[in-house]
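Notes follow once the structure below has been shown.
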Amino acid sequence: MELILLLDLKRIFRFVKNEMELETDEEIIRKARANHIQPLEGVGGRLLLTNRRLFFKSHMFNVKTREISIPLEDIIAVETKGSDFISKKLEIFLKNGSIEEFIVNHRKRWVEEIEQAIEEKEKASGRRWYIRNKESLTVPQKPLTHPLKLLVQAILLGVCVSLLIYFFLRI
């Protein structure tokens, strides 16, 4: 029984390490574990940067599994959000106005390497699309938070406060 469980775990972790199919002349520049931020959950998986695209593949432990492939030509800006101590959020601004958010370690290094890959791609194509002056970037306003998430947070806060009051009155 234990041997079967161990073999299954090895198969699962081998699946998690599977990566994307590379195109011809495509090279991996950087890869790491990451979470893709969604309104109600962070989807865990692997984030890869190649000389052609940014690719995210979720692992099978998530409720929602997905693959996201973003060609470098679609990325108009990359920024970090929050302080290094509190947040590890990496924001990818796309031509279509959407923003993809990832939680990664060493996010400043990710920004540098993505920008360098885009710069090399721009030189090769002879055209420029990446916004280097972030002040000129118009960011679409996102709603403050998802209503269901707000409701869940309010309920959890209420439960915590109720438990604290209960324990303090008991003493």
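A few remarks follow.
- Approximating the spin labels as points 7 Å out from Cα along Cα→Cβ, the ILE155-to-LEU94 distance works out to 3.1 nm.
- Highest to lowest packing among 120-130, 101-111, scored as the average C-beta count within 10 Å: 101-111, 120-130
- For the pair ARG109 and ARG66 in one chain, pulling the backbone fully straight at 0.36 nm per residue adds 13.0 nm over the alpha carbon distance.
- In terms of packing, defined here as the mean over residues of other Cβ atoms within 10 angstrom, the peptides 71-81, 90-100, 48-58 line up highest first as 48-58, 71-81, 90-100.
No value in this document is a laboratory result; all are computed from the given coordinates. Just so you know, these numbers come straight off a predicted model, no measurement behind them. Virtual Cβ from ideal backbone geometry, glycine too; neighbours counted across all protein chains shown.
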